[in-house]
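Take a look at the structure below.
The values are calculated or read from the model by the stated rules, or taken from the named source; none is laboratory data. Note that the structure is predicted; figures quoted are calculated from it, not measured. Don't worry about glycine lacking a Cβ; one is built from the backbone with ideal geometry, like all the others, and counts go over all protein chains shown.
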Amino acid sequence: MNKIIASLLIFTLVWTVIFSSMDRHVAASVEDAPRFEAVDITDTIATLEWDPIDGAVSYSLHIFGTELFGFTTDKFRHEVTGLTPNMVQEMTLYYRDAAGETFEVKHEFTTAPLVLAAPANVRALNVTTNSAEIHWDPNPFATRYELEVNGEFAGGVDQSSYTLSDLTENTTYEVKVYASNGLQYSAAAEIEFTTKETSWPDAAEVNLRAMDVTATTAKLVWNEIPSATEYRLVDGEDFEARVTAVSYELKDLSPNTEYVFALIASNPIASSSEYTVRFTTAPAPPTGLKATTGDGQVSLAWAAAQGEGYTYHVKRSTTSGGSYTTIAANVTEASYRDTTAVNGTTYYYVVTTVKQGLESAPSNEGSAQPTAIVVVPISPVTGVIIPTSPITGSILTEGNISGSSDGNNHTVILKVSSTIEKTEDGRTVSTTTVDPADLQKAIESLKATSGKPTIIIEVPGNGETTNVLLGAGMIAELQAQVPSALVSARVDNVTYDLPVKALDLPAMAEKLGAEVEEMNVNVTIDKVSRSSLTTIERAANQSGLRPISEAVDFHVTAEAYGNTTSVDDFGDVYVSRTITISEKTNSATGVLYNPTSGTFSFVPTTFQTGEDGTTIATLKRTGNSIYTVVQFTKTFEDLNGHWAKADVELLASKLVVKGRSDDRFEPEQELTRAEFATLLVRAMGISEDDTSRFSDVQSTDWFAGAVNAAAKAGFIDGLEEATFGPRVNITREQMAVMIIRAMRFAGQQPTANIEDLSVFTDSSFISDWASDAVARSVSAGLIYGKTTTTFSPKENASRAEATVMLKRMLQALQFIN
């Protein structure tokens with residue numbers, strides 16, 4: 001082993017001597033210290049130069065021991081890149097002679113401090129109408145880049161691109177990009193670009209059009225615009241709709257009206273010009289078609305279209321809903337007499353409205369079977385019929401007067417003429433003055449009969465405003481001779497039934513400083529203007545109501561010597577007015593519209609179906625105002641399974657009761673005396689009152705107006721010392737008393753049977769002052785016992801109990817169906 005180690009040591013020594021003799025820095029055949037230096041030094045680049053060396057045949061350059069190029073002949077200059085700025089660089093030049101010996105010479109130099117270069121190759125890519133991508137080549141010495149757009153800082157990133165957004169279309173932008181290393185910024189690299197402009201198609205490409213046009217609806221349709229994200233429809237007034245679809249359903253349009261709508265396409269940065277469409281709606285179908293039987297003829301009448309230029313096509317069939325044949329075209333009046341009818345045959349009629357070549361849908365269907373009329377002799381004394389026995393059906397009489405009687409009702413019809421004039425705002429006003437002689441004959445006729453006496457004044461035409469003038473002296477005579485008489489003004493599809501006892505003629509004359517005989521009483525039926533109707537419809541829609549009839553303003557005035565006084569309060573007399581509705585309805589109610597507050601309130605209303613299939617709404621109230629009929633349905637989440645659910649939802653849908661919140665009624669919660677008084681006043685359709693009668697009811701209390709009105713009408717009394725106790729919960733017996741008083745106010749009072757209370761074991765606990773009212777309420781089925789044997793008079797009433805009792809009262813009064 002020792003011999004082997006010794007041999008290795010000798011071998012190593014020999015090779016060391018050999019390599020030592022090959023030193024590259026010493027060679028006698030090559031000159032020493034050649035020129036080797038760096039020139040053109042920058043922060044990252046330097047050029048190395050050396051003079052040719054005698055005896056050297058090739059050269060190789062190294063930096064920090066790393067070869068930059070291998071041995072090469074005839075090369076005396078080399079550019080070195082990628083140097084680190086401001087750093088000492090160690091360079092070594094190796095050269096060989098012809099014998100293959102290698103020599104070296106070293107050189108050190110320091111690079112210049114860093115000068116950060118501006119980003120190179122800056123460019124704008126993917127330019128749109130509102131965005132652009134800015135790209136540049138990465139700078140190895142930069143750690144971040146920042147951008148300016150039109151002189152404003154836009155943002156900074158650490159990558160070599162940046163997206164500009166929210167730009168304006170067709171706009172030139174100047175962008176500067178700076179490189180940064182945390183210590184310094186480079187010079188700016190600048191670029192300029194222009195965003196694209198949105199291209200909108202022309203009107204022909206969009207093809208905005210109206211389709212499926214009816215009297216009240218139309219569908220606007222257009223072709224899709226690729227650059228649009230939204231469409232806006234306007235009519236130049238107060239209509240505006242925004243959609244993303246390419247169609248829109250227009251509703252609540254006016255019949256036979258020209259409309260112009262504009263479509264504006266848009267995206268987040270631009271909008272198109274207007275694309276317009278013009279169309280005219282079809283006329284509205286006639287309403288209220290009535291067919292009256294005659295001898296070998298049928299008389300037709302319907303509500304005339306509002307405005308000028310309308311005609312009508314009358315069509316007939318012998319099958320209901322069958323194929324109709326036009327029997328008269330372009331009829332100019334809102335009536336027609338079919339004289340080709342055969343007695344004993346039932347005919348079915350419809351009428352369409354025509355204007356400027358546009359024809360409406362058919363009206364409701366009217367039917368009649370012509371029959372012979374029996375003519376009754378006329379009394380030579382009065383000129384009117386004096387029935388000697390009950391007569392049913394139409395009776396021909398003298399001149400403008402006709403009458404009918406069935407033993408229970410006696411009606412005299414006055415046919416009158418009207419003068420028509422136009423106001424400055426274009427409204428049609430029809431004025432009818434009832435001939436005193438005709439009215440006198442009607443009085444004589446009514447005096448000679450029993451039953452309910454009614455004078456019907458049939459006003460021809462369809463004026464937007466209808467005035468019926470009656471001499472106050474004749475009304476006074478009617479009050480004296482037939483005090484229960486009713487004067488009914490009928491025009492188009494609206495009636496107004498005025499009980500003559502409701503007019504306090506002496507008080508009216510005193511206000512005017514005149515005698516009763518010097519006054520005229522004017523009954524006005526005023527269909528509200530289109531602009532007012534639009535306001536009413538908008539207010540209704542905001543409340544979730546859908547109007548289904550026209551709005552009519554009824555008022556009565558007295559006139560004398562150029563002075564006028566209005567009659568707005570008929571005390572405890574309910575005045576009826578009817579409005580005919582063309583559609584059938586199951587959830588409608590009559591309402592009063594308050595133009596000052598823009599609110600709606602319940603009006604006692606019943607509905608009947610007429611012979612022509614229309615719905616007749618009869619609204620009853622003790623005052624005058626603007627009335628209409630609306631549809632509304634209200635439910636509450638907490639009524640599911642509750643015994644009073646149907647009654648509560650019925651009165652809530654009629655605007656009589658309200659929930660504690662929008663979705664909760666709280667049926668088992670107790671209610672106060674003020675709350676029930678408010679519900680009762682609302683159910684009776686009477687107006688609130690400002691005059692306080694109780695010391696504990698302040699004008700600022702929310703219930704003050706209703707409590708004052710209830711006291712004025714006699715529904716309520718105070719508790720003691722002129723107090724009402726509005727915040728005290730109401731008991732069942734107190735509620736019964738208030739209900740019976742309200743019915744008495746309306747002219748009805750259930751009979752009392754005290755024995756009906758004997759079934760209750762706690763009847764002795766009913767207060768003396770309440771026993772009569774409780775008995776009447778129980779006998780009439782307005783209120784039941786808490787159980788079959790207990791009434792619980794002192795128990796507080798719940799909201800459900802109060803609502804059910806109100807509903808039963810309204811039905812008993814025939815204030816609702």
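Quick one: in the range 522-563, of everything that is over 30 Å from the mean Cα position of the chain (by Cα) and either in a loop (DSSP other than H, G, I, E, B) or without any contact (Cβ under 8 Å) to a residue 24 or more places away in the chain (or both), which residue is farthest from Tyr627 (Cα to Cα)?
Tyr561
Is it the case that Thr143 is closer than 30 Å to Ile63 by Cα, at pLDDT below 90 and exposed (fewer than 14 other Cβ atoms within 10 Å of the Cβ)?
So Thr143 does not fit the description; no.
For Ala341, state whether it is over 26 Å from the mean Cα position of the chain (by Cα) and outside any strand (DSSP E or B).
Answer is yes for this residue.
What residue, of Ala118, Ala124, Ala112, is touching a residue at least 60 places away in the same chain (Cβ under 8 Å) and either more than 30 Å from Thr42 (Cβ to Cβ) or under 52 Å from the mean Cα position of the chain (by Cα) (or both)?
Sole residue among the options that is touching a residue at least 60 places away in the same chain (Cβ under 8 Å) and either more than 30 Å from Thr42 (Cβ to Cβ) or under 52 Å from the mean Cα position of the chain (by Cα) (or both): Ala124.
Kindly provide the set of residues from the range 433-448 that are surrounded by fewer than 18 Cβ atoms within 10 Å (Cβ to Cβ) and within 51 Å of the chain's Cα centre (by Cα), ordered by number.
Scanning the range 433-448 gives Thr433, Asp435, Pro436.
Pull up the range 147-156, narrow it to residues that are surrounded by 12 or more Cβ atoms within 10 Å (Cβ to Cβ) and modelled with pLDDT of 95 or more, then point me to the one that is farthest from Tyr185 (Cα to Cα).
Per the criteria, the residue is Val149.
Please indicate, with yes or no, whether at least one residue in the range 487-501 is free of Cβ contacts under 8 Å to residues at least 40 places away in the same chain, outside the structural domain of Ala304 (by TED's automatic domain parsing), of a type in the set (Ser, Thr, Tyr) and assigned to a loop (DSSP other than H, G, I, E, B).
no
Pick from Ala245, Ala303: which is in a loop (DSSP other than H, G, I, E, B), under 14 Å from Leu220 (Cα atoms) and out of contact with any helix residue (DSSP H, G or I) (no Cβ under 8 Å at 6 or more places or on another chain)?
The conditions single out Ala245.
Which residues, taken from the range 782-801, are farther than 17 Å from Phe665 by Cα, part of a loop (DSSP other than H, G, I, E, B) and not charged (D, E, K, R)?
Matches in the range 782-801: Leu782, Ile783, Tyr784, Gly785, Thr787, Thr788, Thr789, Thr790, Phe791, Ser792, Pro793.
Suppose we keep only residues that are out of contact with any Phe, Trp or Tyr (no Cβ under 7 Å at 6 or more places or on another chain) and exposed (fewer than 14 other Cβ atoms within 10 Å of the Cβ) within the range 720-732. Which one would you say is farthest from Ser798 (Cα to Cα)?
That would be Glu721.
Take Arg732 and decide whether it is in contact with a strand residue (DSSP E or B) (Cβ under 9 Å, 6 or more places away or on another chain), touching a residue at least 24 places away in the same chain (Cβ under 8 Å) and within 24 Å of Met684 (Cα to Cα).
Yes; evaluated as a whole, the condition is true for this residue.
Being closer than 25 Å to Gln749 by Cβ and among the hydroxyl-bearing types (Ser, Thr, Tyr) is the filter here, so list the residues in the range 783-817 that pass it.
Answer for the range 783-817, where residues must be closer than 25 Å to Gln749 by Cβ and among the hydroxyl-bearing types (Ser, Thr, Tyr): Tyr784, Ser792, Thr803.
Which ones in the range 158-189 are without any contact (Cβ under 8 Å) to a residue 24 or more places away in the chain and touching a Leu at 6+ places or on another chain (Cβ under 8 Å)?
none
Tell me whether the range 251-268 contains one or more residues that are closer than 30 Å to Glu550 by Cα, basic (Lys, Arg) and within 30 Å of the chain's Cα centre (by Cα).
yes
Checking the conditions here, which among Thr47, Thr42 is modelled with pLDDT of 85 or more, under 26 Å from Thr81 (Cα atoms), in contact with an Asp or Glu (Cβ under 9 Å, 6 or more places away or on another chain) and surrounded by 10 or more Cβ atoms within 10 Å (Cβ to Cβ)?
Answer to the check: Thr47.
Return the pairs, sorted by first residue and then second, in which the second residue is β-branched (Val, Ile, Thr) and part of a strand (DSSP E or B), the first residue lies in the range 461-484 and is modelled with pLDDT under 85 and surrounded by fewer than 18 Cβ atoms within 10 Å (Cβ to Cβ), the beta carbons are less than 7 Å apart, and the residues are 6+ apart or on different chains.
Cβ pairs passing all conditions: Gly461/Ile420.
From the list Ile739, Ile716, exactly one residue is in a helix (DSSP H, G or I) and buried (at least 22 other Cβ atoms within 10 Å of the Cβ). Which is it?
Result of the check over Ile739, Ile716: Ile739.
Please tell me if Phe676 is among the aromatic types (Phe, Trp, Tyr), buried (at least 22 other Cβ atoms within 10 Å of the Cβ) and in contact with a helix residue (DSSP H, G or I) (Cβ under 6 Å, 6 or more places away or on another chain).
yes
All but one of (1) at pLDDT 85 or above; (2) more than 23 Å from Thr609 (Cβ to Cβ) hold for Ala305, so report the exception by its number.
Result: Ala305 passes all but (1).
Listed residues Asp638, Asp663; which is surrounded by fewer than 20 Cβ atoms within 10 Å (Cβ to Cβ) and in a helix (DSSP H, G or I)?
Asp638
Of everything in the range 89-99, what is more than 18 Å from Arg77 (Cα to Cα) and either assigned to a strand (DSSP E or B) or out of contact with any strand residue (DSSP E or B) (no Cβ under 9 Å at 6 or more places or on another chain) (or both)? Give them in sequence order.
Asp97, Ala99
Name, by its number, the condition in (1) buried (at least 17 other Cβ atoms within 10 Å of the Cβ); (2) under 30 Å from Phe36 (Cα atoms); (3) of a type outside the set (Lys, Arg) that does not hold for Pro119.
So the condition that Pro119 fails would be (2).
Which residues, taken from the range 185-229, are within 14 Å of Ser271 (Cα to Cα) and either modelled with pLDDT of 95 or more or small (Gly, Ala, Ser) (or both)?
Residues satisfying the conditions are Ser199, Ser227, Ala228.
What are the residues in the range 237-256 that are loosely packed, with under 11 Cβ neighbours inside 10 Å and under 22 Å from Ser271 (Cβ atoms), if any?
Result: Glu237, Asp238, Glu240, Thr244, Ala245.
Please verify whether Phe141 is of a type in the set (Phe, Trp, Tyr), more than 30 Å from Trp50 (Cα to Cα) and part of a loop (DSSP other than H, G, I, E, B), treating the condition exactly as stated.
Yes: the conditions hold for Phe141.
Outside the structural domain of Thr803 (by TED's automatic domain parsing), part of a loop (DSSP other than H, G, I, E, B) and on the phi > 0 side of the Ramachandran plot - does that describe any residue in the range 589-606?
The answer is yes, given that some residue of the range 589-606 is outside the structural domain of Thr803 (by TED's automatic domain parsing), part of a loop (DSSP other than H, G, I, E, B) and on the phi > 0 side of the Ramachandran plot.
Give the residues of the range 723-760 that are touching a Leu at 6+ places or on another chain (Cβ under 7 Å), among the small types (Gly, Ala, Ser) and within 15 Å of Ala775 (Cα to Cα), sorted by residue number.
If the condition is that a residue be touching a Leu at 6+ places or on another chain (Cβ under 7 Å), among the small types (Gly, Ala, Ser) and within 15 Å of Ala775 (Cα to Cα), then no residue fits.
Identify all residues within the range 48-74 that are outside any strand (DSSP E or B) and over 14 Å from Arg35 (Cα atoms); write none if there are none.
Listed by number, the residues that qualify are Gly55, Phe64, Gly65, Thr73, Asp74.
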